[in-house]
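Q: Sharing a structure here in structure tokens format.
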There are 2 protein chains.
Amino acid sequence: MIDYQLLDALAAIVSEKGFEKAAKKLFITQSAVSRRIHQLESMIGEPVLIRKQPPKPTAIGKRLLNHLQQVRQLEVALSIRSLADENLQDSPLTVKLAANADSLATWLPEALMLPKAEKVCDFRFEIIAEDQSIALKRMKAGEVMVCICSNEEPINGGLVSALGAFRYKVIASPNFVKRHNITSVEQLTELPCLVYDEHDKLQHQLLNELNKSVPKYTHICPSSEGFKQAMIAGLGYGLLPTLQLGDAIEQGELIDLVPGYFIDVPLYWHYWQTESPQLKSLRNFAIKVASNKLETLA
Amino acid sequence: MIDYQLLDALAAIVSEKGFEKAAKKLFITQSAVSRRIHQLESMIGEPVLIRKQPPKPTAIGKRLLNHLQQVRQLEVALSIRSLADENLQDSPLTVKLAANADSLATWLPEALMLPKAEKVCDFRFEIIAEDQSIALKRMKAGEVMVCICSNEEPINGGLVSALGAFRYKVIASPNFVKRHNITSVEQLTELPCLVYDEHDKLQHQLLNELNKSVPKYTHICPSSEGFKQAMIAGLGYGLLPTLQLGDAIEQGELIDLVPGYFIDVPLYWHYWQTESPQLKSLRNFAIKVASNKLETLA
């Protein structure tokens, strides 16, 4: 049996980004924290931490943290049965969750607001914003309990629920269209294109489908709302979720450049097989909210 | 005189996150890239790269990259004089810029859309979203040409222009106020509070000023628009820029919890002393837009 005090020390060092702060969090001395890590490493036979600022888990360290995350969830599930409803209001359950920025800026906050009737306990959310294509790495590394991303394949020890699809449309402002005198989609290849970050390949997919080309000229703008504001300002065109459009098209602020065309990006809720009843109630509510907000998966 | 081929190799390895991709970017072989780094290190007498995945510059490596960034700007300023207006339309100038997420979601995109009359060339923006308190590190590290943050002190070799101040107000939704039966600000300490990320200390400042306390119960939500959506959904209260409020208060979606109270966070435009004419025109236009959107600095 693993001594979980040792894993707790590892987790605290990683989350608090240092031995000193970890000691404070665990209410022990810094040398006690160091001792626990040494003990863990002599038990495992290899380093669990890369000693730099901030300290990072090694590959085996990540596997241990991943394991700890699952054990903690099991413990939460256990405690709810034994403690019944006693004092649950006073100790919210911390849910670490990785989600893509577009979800965070649109449907997700509402989905985290579980109605009282369906609530087993209070939640405290620690959200990590991550590109939908890479958020799952956070789950594999044992950093989060839930991951909302476009990957359909569950990870080892994990399960997956479908949420729906984000519908992206090709959007620009009227002044952008006028300035570049856009009359056909072939022109888009040469015009300034907005890209969220280095992982965002949606605009590349668009130009590949429309023109068999890649964007020649991109602005990088890593903010969901900033993306929309950059479109309104006329910096470039790009793919925007219909959920973010609001009434911008009706108001004449933005234009759908390729009416009838869209890219649907599926979204999935990844969770551990050891899901606690609390997280299950959260997942079920999120699925309900998503089904009202997102497109139905093809 | 430094051999800038060597610094270019270092910059490419850091930006491309590896030797192989750097080689591709520079159109040379991977072993040529390695050779350049070895040459640089034997010249300097210490390592410029931490060899891990992805490779990171050492302290001296960062200083070299910082220097390279300034030299590149000087070169841009030079080329504009020699090339005059010839073909400038065809080769946009890449501007790497670090900004706080709230600027990116509100006034900044408009400020980057320089009108044709004031434009010396086309820009291609690579924006990095960073907390206002730490964005300046990106500039010190030589990763960006411009940094928009709350730090008033220019860095070594840099200058600073004041932009104005972000005004933050204490905001929650009507259902949040009703559910927690909020009648006085003293209650806020115990109630769920929204925090952008680990660097965001605004809510701590608020509770310290109002109640001499710290938030007991925080949700972490690293998205400007997600922050507002989480408030509307009723997950917690927090500080929201008045620029992001829109008509949410008039529409009854959100409530100003402490009318008359606000926190003003100053914003500055950091740039290098070697600023090119193109970046100067950009800075002047940004100052103009900011003066219309932000509060006047006290």
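The values are calculated or read from the model by the stated rules, or taken from the named source; none is laboratory data. The shown structure was predicted, so the numbers you read here are calculated from the model rather than taken from an experiment. Quick reminder, even Gly has a Cβ in these numbers, built from the backbone with ideal geometry, and neighbours come from all protein chains shown. Remember, those area values only see protein heavy atoms, side chains included, never the ligands or the DNA or RNA. Shrake-Rupley method; radii C 1.70, N 1.55, O 1.52, S 1.80 Å.
Q: Counting only protein chains, not ligands or nucleic acids, how are B:Phe285, A:Phe27, B:Phe166 ordered by accessible area (probe 1.4 Å), most first?
A: Sorted by accessible area, descending: A:Phe27, B:Phe285, B:Phe166.
Q: Counting heavy atoms of the protein chains only and a 1.4 Å probe, report the per residue accessible area for chain A as a whole number of Å². Before the final figure, lay out each step's value.
A: On the way: 13700 Å² over 298 residues.
On a per-residue basis, 46 Å².
Q: With a/c under 1.5 counting as rounded, go ahead and sort segment B:166-264 into rounded, prolate or oblate using the C-alpha gyration tensor (a ≥ b ≥ c being the square roots of the eigenvalues; past the cut-off, prolate if a/b is larger than b/c, else oblate).
A: Judged from the Cα gyration tensor, segment B:166-264 comes out rounded (a/c under 1.5).
Q: Please average, across the residues of A:227-234, the number of beta carbons from any other chain that are within 10 Å of each residue's own beta carbon, and give a whole number.
A: Averaged over the peptide's residues, the number is 5.
Q: Quick one: net charge around A:Leu202, please, counting Lys, Arg +1 and Asp, Glu -1 for every other residue with C-beta under 14 Å from its C-beta.
A: That works out to -4.
Q: To continue, here is another question. How charged is the neighbourhood of B:Gly61? Take every other residue with its Cβ under 11 Å from the Cβ of B:Gly61, and add Lys/Arg as +1 and Asp/Glu as -1.
A: +1
Q: Over the heavy atoms of B:Ser184, what accessible area does a 1.4 Å probe trace out, to the nearest 10 Å²?
A: 40
Q: Show B:Tyr271, A:Tyr168 ordered by accessible area, largest first, where the area counts protein heavy atoms only and the probe is 1.4 Å.
A: Greatest to least solvent exposure: B:Tyr271, A:Tyr168.
Q: Here's a follow-up. Quote the total accessible area buried by chains B and A together, excluding ligands, DNA and RNA, probe 1.4 Å, nearest 100 Å².
A: Roughly 2800 Å².
Q: Here's something else I'd like to know. If Lys and Arg each add +1 and Asp and Glu each add -1, what is the summed charge of the other residues whose beta carbon sits under 13 Å from the beta carbon of A:Ala22?
A: Computed value for this residue: +3.
Q: For segment B:132-210, which GluC sites (Glu not before Pro) pass both filters: DSSP loop (anything but H, G, I, E, B) and at most 16 other C-beta atoms within 10 Å?
A: Those that pass, being in a loop and sparsely packed, are B:Glu152, B:Glu198.
Q: With no solvent and one point on each alpha carbon, what is the Debye value of log10 I(q)/I(0) for chain B at q = 0.09, 0.15 Å⁻¹?
A: Relative scattering, expressed as log10 I(q)/I(0), comes to -0.56, -1.13.
Q: On a 0 to 90° scale, report how tilted helix B:59-83 is relative to the longest principal axis of chain B, with both axes built from alpha carbons and the result rounded to the nearest 10.
A: So the inclination is approximately 80 degrees.
Q: Using a 1.4 Å probe, how large is the accessible area of A:Ser34, given in Å² and rounded to the nearest 10?
A: Roll a 1.4 Å probe over it and A:Ser34 shows about 40 Å².
Q: Give me the distance in nm between label points sitting 7 Å out from Cα along the Cα-to-Cβ direction at B:Gln205 and A:Lys17, one decimal.
A: In this crude spin-label approximation the distance works out to 1.8 nm.
Q: Select from segment A:112-130 all residues whose loss of accessible area on going from the chain by itself to the full protein assembly reaches 10 Å² or more (probe 1.4 Å).
A: Hits at the 10 Å² cut-off: A:Leu112, A:Met113, A:Lys116, A:Asp122, A:Phe123, A:Arg124, A:Phe125, A:Glu126, A:Ile127, A:Ala129.
Q: Can you pick out the pairs among A:Lys62/A:Lys137; B:Lys169/B:Lys228; A:Lys137/A:Lys212; A:Lys52/A:Lys96 whose Cα atoms lie more than 21 Å from each other?
A: Over 21 Å Cα-Cα: A:Lys137/A:Lys212; A:Lys52/A:Lys96.
Q: Starting from the coordinates of the alpha-carbon atoms of the protein assembly as shown, obtain the Kirkwood hydrodynamic radius over all distinct pairs and give the value in Å to one decimal. It would help to have the intermediate numbers written out before the result.
A: Working: mean 1/r = 0.0384 Å⁻¹.
Kirkwood hydrodynamic radius for the protein assembly as shown: 26.0 Å.
Q: Hand me the GluC sites (Glu not before Pro) from segment B:226-289 located in a DSSP loop with no more than 13 other Cβ atoms within 10 Å, in residue order please.
A: Working: sites: B:Glu250, B:Glu253, B:Glu275; in loops: B:Glu250, B:Glu253, B:Glu275.
Listed in order of number, the matching sites are B:Glu250.
Q: Considering every Cα-Cα pair within segment A:241-296, what fraction, in whole percent, is farther apart than 13 Å?
A: So the pairs more than 13 Å apart make up 71 percent of the total in segment A:241-296.
Q: Given the Cα-Cα distance of A:Ala117 and A:Asn292 and 0.36 nm per residue of separation, how much length would full extension add, in nm? Kindly include the intermediate steps, with their values, before the conclusion.
A: Values: separation 175, 0.36 × 175 = 63.00 nm, distance 1.95 nm.
In short, 61.1 nm is gained.
Q: Further question on the same structure: Note the angle between two axes, namely the Cα long axis of helix A:4-16 and the longest principal axis of the Cα atoms of chain A, as a number of degrees from 0 to 90, rounded to the nearest 10.
A: With rounding to tens, the tilt is 40 degrees.
Q: Report, as an integer, the average count of C-beta atoms from other chains found within 10 Å of each Cβ along B:213-221.
A: Values: counts 0, 0, 0, 1, 5, 5, 10, 9, 9.
Average per residue, whole number: 4.
Q: Considering only protein heavy atoms, what is the solvent-accessible area of A:Ser291 at a probe of 1.4 Å, reported in Å² to the nearest 10?
A: Accessible area of A:Ser291: about 80 Å².
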